[in-house]
Amino acid sequence: MFSRARIQLTVIYCVFFFLLIWLASLLFYLAMDQTIGGDALISHFKQQEQQGQHEATIDEQSVLLAGEVTLDQLRTGLLGLNGGLLLTFPLVVWMLTGRTLKPVQLAHSQQAQFTATVAHELRTPLSILRGEIEVTLRSERSLDVYRQTLQSIQEEVEQLHELVEQLLSLARLEQRPSLEVAETVDLTDLLNQVVSVCEQRRRRRHLTILVHLAEESIVVRGQEALLRQAILNLLDNALKYTPAGGTISLELRRSHQSGLLIISDTGTGIADEDQKHLFERFYRGATARSLSQGYGLGLALVHEIVRLHRGQIIVHSRQGVGTTVVLMLPCS
């Protein structure tokens with residue numbers, strides 16, 4: 001599709017350019033013929049002779065010959081120029097159209113990949129729902145069996161709801177070039193709130209969370225709900241991939257004009273080949289797929305939230321050692 005479009009654009013641009021250049025060359029040649037052609041030169045010299053500006057007699061034959069030679073040289077130059085453009089311009093246009101269509105082709109490819117991935121992610125839970133319903137309806141079941149089936153269906157529906165909500169959030173974030181409305185957000189209070197929310201989960205997994213806060217509050221400009229979601233996603237990943245008995249360290253401090261949130265864990269770590277894909281939608285490394293369920297949208301959401309706040313996120317990880325995530329946000 002894009003190859004055909006590239007060829008069509010190249011042909012259209014070349015035809016338009018050549019018609020324009022050839023027409024300009026023809027008009028220029030005709031104008032010069034009217035100016036330096038033999039008859040025009042003779043007429044010009046005769047006028048000067050009548051006005052007494054030339055004392056010698058004009059050799060008309062020499063003037064005609066000089067005009068013809070000059071026009072021949074001009075004609076040869078114009079033909080050479082147009083011939084050179086005929087050979088080189090299509091190549092230049094072909095390269096330029098390729099560069100022009102490349103972002104469009106990349107966006108189309110990403111959209112196709114995104115659609116295929118979403119379809120795959122939706123098909124799995126829908127297949128489970130359909131299978132459970134079909135099995136349940138084949139014959140009479142006890143009330144307990146119906147209850148278990150409904151509970152399983154509810155879990156699958158909740159996962160689908162989570163997927164749809166994350167997709168909607170990501171789509172809304174990607175369409176926003178910047179924050180329309182910003183408020184003063186105290187990262188110290190926000191971090192304490194997120195840690196409190198995850199307290200029960202920390203206990204269930206027998207993990208230790210160490211919190212190191214700066215002496216002064218770290219205040220940034222942004223949207224509290226989005227920043228809460230970003231910190232919660234990062235802490236959720238640390239809880240997911242840190243085995244029982246492990247430690248998660250949260251440090252909040254100020255560095256120059258930025259607030260730094262450093263989240264470190266003693267978890268499984270991330271393979272080197274997976275680290276360059278961390279912020280891609282739906283990407284999940286082999287370790288992540290084997291340890292927990294998910295859709296690979298959490299870090300993509302964090303990345304977009306950080307972008308909107310004009311911040312930066314850096315990930316350092318060693319497989320089997322742990323992961324450290326540094327979140328930098330400009331202070332207000």
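Considering only helices (runs of 4 or more DSSP H) fully contained in the stretch 254-332, which possess at least 2 residues that are in contact (Cβ under 8 Å) with a residue 60 or more places away in the chain and within 23 Å of Arg176 (Cβ to Cβ)?
Per the criteria, 298-308.
Determine, yes or no, whether Ser217 is surrounded by 13 or more Cβ atoms within 10 Å (Cβ to Cβ), at pLDDT 80 or above and not assigned by TED's automatic domain parsing to the domain that holds Leu137.
Working: surrounded by 13 or more Cβ atoms within 10 Å (Cβ to Cβ): yes; at pLDDT 80 or above: yes; not assigned by TED's automatic domain parsing to the domain that holds Leu137: yes.
Taking the combined requirement at face value, the residue satisfies it.
Among (1) modelled with pLDDT of 80 or more; (2) in a helix (DSSP H, G or I); (3) within 23 Å of Gly296 (Cα to Cα), where does Ile248 come up short?
Against the list (1) modelled with pLDDT of 80 or more; (2) in a helix (DSSP H, G or I); (3) within 23 Å of Gly296 (Cα to Cα), Ile248 comes up short only on (2).
Looking at the stretch 261-278, which of its residues are in contact with a strand residue (DSSP E or B) (Cβ under 8 Å, 6 or more places away or on another chain) and surrounded by fewer than 18 Cβ atoms within 10 Å (Cβ to Cβ)?
Ile262, Gln275
Residues in the stretch 176-188 that are at pLDDT 90 or above and more than 13 Å from Leu250 (Cβ to Cβ): how many?
The qualifying residues number 3.
Residues to consider are Glu224, Glu199; find the one that is assigned by TED's automatic domain parsing to the domain that holds Phe279 and farther than 21 Å from Asp265 by Cβ.
The conditions single out Glu224.
Going residue by residue through the stretch 64-78, is there one that turns out to be at pLDDT below 85 and not in a helix (DSSP H, G or I)?
Within the stretch 64-78 (the criterion being at pLDDT below 85 and not in a helix (DSSP H, G or I)), the answer is no, since none of the residues qualifies.
Got a sec? Which of Leu167, Leu191, Leu173 is part of a helix (DSSP H, G or I), closer than 19 Å to Leu327 by Cα, of a type in the set (A, V, I, L, M, F, W, C) and at pLDDT below 80?
Leu173
Go through the stretch 308-321 and give me each residue that's closer than 22 Å to Val220 by Cβ and out of contact with any helix residue (DSSP H, G or I) (no Cβ under 8 Å at 6 or more places or on another chain).
Arg310, Gly311, Ile314
When you check Tyr241 against the structure, is it of a type in the set (Ser, Thr, Tyr), crowded, with 17+ Cβ neighbours inside 10 Å and modelled with pLDDT under 85, yes or no?
no
Anything in the stretch 79-125 that is of a type outside the set (A, V, I, L, M, F, W, C), at pLDDT 80 or above and over 22 Å from the mean Cα position of the chain (by Cα)? List them, or say none.
Scanning the stretch 79-125 gives Gly80, Asn82, Gly83, Gly84, Thr88, Pro90.
Tell me, which residue of the stretch 1-52 that is at pLDDT below 80 and β-branched (Val, Ile, Thr) is farthest from Arg75 (Cα to Cα)?
Ranking the qualifying residues of the stretch 1-52, first place goes to Ile42.
The values are calculated or read from the model by the stated rules, or taken from the named source; none is laboratory data. Computed from a predicted structure; not experimentally measured. Every residue, glycine as well, gets a Cβ built from its backbone with ideal geometry; the counts of neighbours run over all protein chains shown.
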